[in-house]
Structure formats: C-alpha cells, structure tokens
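Below is one structure, written out as structure tokens, with a few remarks after it.
The values are calculated or read from the model by the stated rules, or taken from the named source; none is laboratory data. Computed from a prediction, not measured in an experiment: that's the story for all the values here. Heads up, the Cβs are rebuilt from the backbone with ideal geometry, glycines too, and the neighbour counts pull from every protein chain shown. Calculation scope for accessible area: heavy atoms of the full protein, side chains included, ligands and nucleic acids excluded. Shrake-Rupley method; radii C 1.70, N 1.55, O 1.52, S 1.80 Å.
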Amino acid sequence: MHHSYAVSAGLCGALTAGASFVAPGGMLPPKTLARHIDRHRVSVLLSVPMLYRWYAAGLPVTREPRLCVSAGAPLEDDIRKAWEQAVGWPLVEHYGTSEMGQLTLAAPGDAGNVGRPLRGVHIRAAGETAAGERELEVSVDGPPPVQLEIADGAVTAYPLTGWCATGDVGEVDAGGRVYLHGRRGGIVHVGGKKVALREVEAALRSLPGVRDCAVIADASAGVLPKLCAFVEADPDFSG
C-alpha cells in the first residue's frame, strides 16, 4: 500500500466503484494468489510486469477474473506472449503518475500502448528533449492535484494546474492511444548514435538465463557514456 498504484487505482478505485478491495500484501506465489482469487471472487487483478512474468507459469483458479491490469513498468512483449499462451486472461496496461494519479487504461487487444486517457484527463506529446524525444504533458479537469514540498519542517502545497510535464516521453496516435518510449533521458548518444535504453534491456532479456535487467548510462568513465547493465540471472547463467 506504499505504492500510489495500489492506493489510487486499487483502494480508491474500488471504493469509488462500490467494490471490495483485497490487499493480501507481499509478493504472492502463483498458487497463493489463485486461492485469494477464488476465495474473494476477484474480478479485476492489479499487478506489475515482474509478477505477471512469474504468474505466466499458470494460476490454477476455478473462476477467472474478467480483467488483469499491469502498471508501474513497461509490459514487455515476452511477458505478454507468455501470459497469453499459458493463462489467456485479458491483460491490459495502465499509466499513471504519483503526482497526478491514474491517467490511462488500455482496452483488451490494445497491445503495445497504455490506452486512452480516462475521463477528464488530457494528454499530449509536446516539445522535445535534448535527445529529440517528444515529452508527454498532462492536464486534468476539475480540482487540480496538489504536490507537497516538505523542507525544514515546513510543508508547502503547489497545485498542479494547466499542462504539466510528466518526465515520460512517448507519442499519442490519431485515436488518442498513448505510447510510452521511456523516461526523459532514456535515450543516450553513443558514438554519434541515439541508443534507447529500453531497447538494450529488451535485447538482454531475450538472452537465455536472463530473468530481468536494468540498463543505465554511466558518464563517469569519460566523455562518451558507457552503458552498464544490472542483470538478474538464473543460477547457471554464464556471461
């Protein structure tokens, strides 16, 4: 419950809809999660890509949820394909920020994007970063979200009004679907070429024995940035 996704989309979303919210806590093994789904008659499952990768091995339930939602990180193609082949329940992506709450929700079949803006939310890709990326900006109808700054024991509130940059980069297609390409600074220049860190991570995840990874640009070695990968591997993996 320390995560805004669980509070905003989970707890607040359920109460707004007049539904029950089940939060057993911790990273549940597939069989334990399946028991909770059956016991509480869960109709919507909220989780993150790392756990969907785990759950793609199978969830033995007697009653399937009508929708599964993934957020908090990009849902990689290999996770989606493994889920579709082994489980097959509708799995969609959702996008939000800690400051502005829940922003989009995809529809079943909307692979590769995080869906359209929710009612009252407007999203555009405006302006360019130093690397030529289009930065997402968001505005929300109604009472604006408030950002709090705590310094030296004093709390200052800053209402987020008008268009606010999210720090994410991507694009919005003609149908209003939002495609995320990463965070600002997620593209680095190496030897005159633009390198997307997400693409490097995807290539590493495709290697046998690699469970997950994160790639950063390390500029401490000199003028040219050096890509560094942090890899979670199987015990028998040999780099």
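Some points to look at:
- Considering residues of region 113-131 that are of a type in the set (G, A, S) and under 18 Å from A174 (Cβ atoms) only, the residue least open to solvent (accessible area, probe 1.4 Å): G115
- Contact annotation: no residue pair with Cβ atoms under 6 Å, 6 or more positions apart or on different chains, pairs a residue in region 134-163 that is modelled with pLDDT under 85 with a partner that is surrounded by 15 or more Cβ atoms within 10 Å (Cβ to Cβ) and of a type in the set (K, R).
- With respect to (1) surrounded by fewer than 17 Cβ atoms within 10 Å (Cβ to Cβ); (2) of a type in the set (V, I, T); (3) touching a Leu at 6+ places or on another chain (Cβ under 8 Å), the lone exception for T32 is condition (3).
- Residues located in region 132-156, provided they are among the small types (G, A, S) and open to solvent by 60 Å² or more (accessible area, probe 1.4 Å): G153
- Considering region 74-96, the residues that are of a type in the set (G, A, S) and more than 14 Å from the chain's Cα centre (by Cα) include one that is nearest to R198 (Cα to Cα), namely A82.
- The requirement of being open to solvent by 50 Å² or more (accessible area, probe 1.4 Å), under 30 Å from E84 (Cβ atoms) and either assigned to a strand (DSSP E or B) or free of Cβ contacts under 8 Å to residues at least 40 places away in the same chain (or both) is fulfilled somewhere in region 98-109, by at least one residue.
- Hits in region 7-18 - residues which are surrounded by fewer than 16 Cβ atoms within 10 Å (Cβ to Cβ) and in contact (Cβ under 8 Å) with a residue 12 or more places away in the chain: L11
- Residue that is modelled with the lowest pLDDT [pool: residues in region 210-224 that are surrounded by fewer than 13 Cβ atoms within 10 Å (Cβ to Cβ) and farther than 22 Å from V169 by Cα]: V223
- Checked against the criterion of being part of a loop (DSSP other than H, G, I, E, B), open to solvent by 50 Å² or more (accessible area, probe 1.4 Å) and at pLDDT 85 or above, the candidates L227, L207 yield just one match: L207.
- Qualifying residue in region 191-199 (condition: modelled with pLDDT under 85, surrounded by 15 or more Cβ atoms within 10 Å (Cβ to Cβ) and in a strand (DSSP E or B)): yes
- When E84, E128 are checked against the criterion of being modelled with pLDDT under 90 and among the charged types (D, E, K, R), a single residue qualifies: E128.
- Test: residue in region 50-73 that is under 19 Å from the mean Cα position of the chain (by Cα), β-branched (V, I, T) and either open to solvent by less than 60 Å² (accessible area, probe 1.4 Å) or modelled with pLDDT under 90 (or both): yes
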